[in-house]
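Just below is one structure, and these are the notes that go with it.
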Amino acid sequence: MLESVTGGSGPGTDGWDRAVVVGLGNPGPGYAGNRHNVGAMAVGEIAAAQGVVLKRGPTRLARVVCSTTRLAGARAVLATLTTYMNESGQAVRPLLDYYKTEPESLIVLHDELDLPFGTVRIKQGGGDNGHNGLRSISRSVSSPDYVRVRIGIGRPVGRQSPADFVLRDFSAAERTELPAILDQAARAVRLIVSLGVVAAQNELHRP
């Protein structure tokens, strides 16, 4: 039985007492190492560090694998999705409904073409910047006002299309740096729930 994370506050100047943390990606082993799946990779790392296993929940959560935990003092749900990226909202909306949680308590980890590889940034609200997963979530939850942890993958060099680039695995050189990047993304989530969004941005983004 998954425990409740209802009640409490979301973003603000103080720490949170609940959070739904979702890592975006495409399902299946063929996509597991793709750049597009770095958000799901990061949530997997958080779950491993917390000593919890992401698993299928009740029927209403058939499109997610998730677990509950305590994260930096907050009651948290950690989740990755079994939908394809452009259908992410079809999984996130039922997840929020199940836990009686508003979009303001949602943290989405995702790949970001417009950040250099390895850069991690926190953002609250705004547009989807062409990211199909964010677009789907914003439509499904009827709000863009959730928090994003943006994990930079850079842009392709030469004539390779961005759509092809994100569906390629990280290069061998990039994979050597990936553990530290995932650790930084996990740190961003912990800062958000322990300090609030603004203070977390100030801490994470400092030179």
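If L2 satisfies all but one of (1) exposed (fewer than 14 other Cβ atoms within 10 Å of the Cβ); (2) modelled with pLDDT under 95, what's the number of the condition it fails?
Of everything listed in (1) exposed (fewer than 14 other Cβ atoms within 10 Å of the Cβ); (2) modelled with pLDDT under 95, L2 misses just condition (1).
Conditions (1) under 14 Å from the mean Cα position of the chain (by Cα); (2) modelled with pLDDT of 95 or more; (3) among the aromatic types (F, W, Y); (4) closer than 28 Å to L178 by Cα, marked per residue:
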{"position": "T6", "(1), (2), (3), (4)": "no, no, no, no"}
{"position": "N26", "(1), (2), (3), (4)": "yes, yes, no, yes"}
{"position": "G30", "(1), (2), (3), (4)": "no, yes, no, yes"}
{"position": "N34", "(1), (2), (3), (4)": "no, yes, no, yes"}
{"position": "T59", "(1), (2), (3), (4)": "no, no, no, no"}
{"position": "V65", "(1), (2), (3), (4)": "yes, yes, no, yes"}
{"position": "A74", "(1), (2), (3), (4)": "no, no, no, yes"}
{"position": "Y84", "(1), (2), (3), (4)": "no, yes, yes, yes"}
{"position": "K100", "(1), (2), (3), (4)": "no, no, no, no"}
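Being buried (at least 19 other Cβ atoms within 10 Å of the Cβ), of a type in the set (G, A, S) and closer than 30 Å to G130 by Cα is the filter here; which residues of the range 44-66 pass it?
G44, A47
Any idea which of (1) in contact with a helix residue (DSSP H, G or I) (Cβ under 8 Å, 6 or more places away or on another chain); (2) in contact (Cβ under 8 Å) with a residue 60 or more places away in the chain is the one V197 doesn't satisfy?
Checking V197 against (1) in contact with a helix residue (DSSP H, G or I) (Cβ under 8 Å, 6 or more places away or on another chain); (2) in contact (Cβ under 8 Å) with a residue 60 or more places away in the chain, the one that fails is (1).
Would you mention how many residues in the range 156-207 are loosely packed, with under 12 Cβ neighbours inside 10 Å, within 21 Å of V22 (Cα to Cα) and of a type in the set (G, A, S)?
Of the residues in that region, 1 qualify.
Does A91 satisfy the condition of being within 18 Å of A186 (Cβ to Cβ) and either of a type in the set (G, A, S) or in a helix (DSSP H, G or I) (or both)? Before the answer, list the steps.
Details: within 18 Å of A186 (Cβ to Cβ): no; either of a type in the set (G, A, S) or in a helix (DSSP H, G or I) (or both): yes.
Against the criterion (within 18 Å of A186 (Cβ to Cβ) and either of a type in the set (G, A, S) or in a helix (DSSP H, G or I) (or both)), A91 does not qualify.
Might you check whether a residue that is exposed (fewer than 15 other Cβ atoms within 10 Å of the Cβ) and more than 28 Å from R75 (Cβ to Cβ) occurs anywhere in the range 133-146?
No, the range 133-146 has no match at all.
Out of the residues in the range 135-161 that are part of a helix (DSSP H, G or I) and small (G, A, S), which is farthest from H36 (Cα to Cα)?
At the first step, the residues of the range 135-161 found to be part of a helix (DSSP H, G or I) are 135-141.
From what's left, small (G, A, S): 136, 138, 140.
Numbers: S136: 15, S138: 18, S140: 20 Å.
Per the criteria, the residue is S140.
Only one of these is assigned to a helix (DSSP H, G or I) and more than 24 Å from V77 (Cα to Cα): D164, D114, D183. Name it. Show your work before the answer.
On the way: D114 fails: assigned to a helix (DSSP H, G or I); D183 fails: more than 24 Å from V77 (Cα to Cα).
Every option except D164 fails the conditions.
Pairs please, first residue from the range 140-163 and touching a residue at least 12 places away in the same chain (Cβ under 8 Å), second anywhere and in a loop (DSSP other than H, G, I, E, B) and aromatic (F, W, Y), Cβ atoms under 6 Å, 6+ apart in sequence or on different chains.
Listed by first residue and then by second, the contacts come to G152/F117; I153/F117; G154/F117.
The values are calculated or read from the model by the stated rules, or taken from the named source; none is laboratory data. Small disclaimer: the values here were computed from a predicted structure and weren't measured. Here the Cβ is made from the backbone with ideal geometry for all residues, glycine too, and neighbour counts use every protein chain on show.
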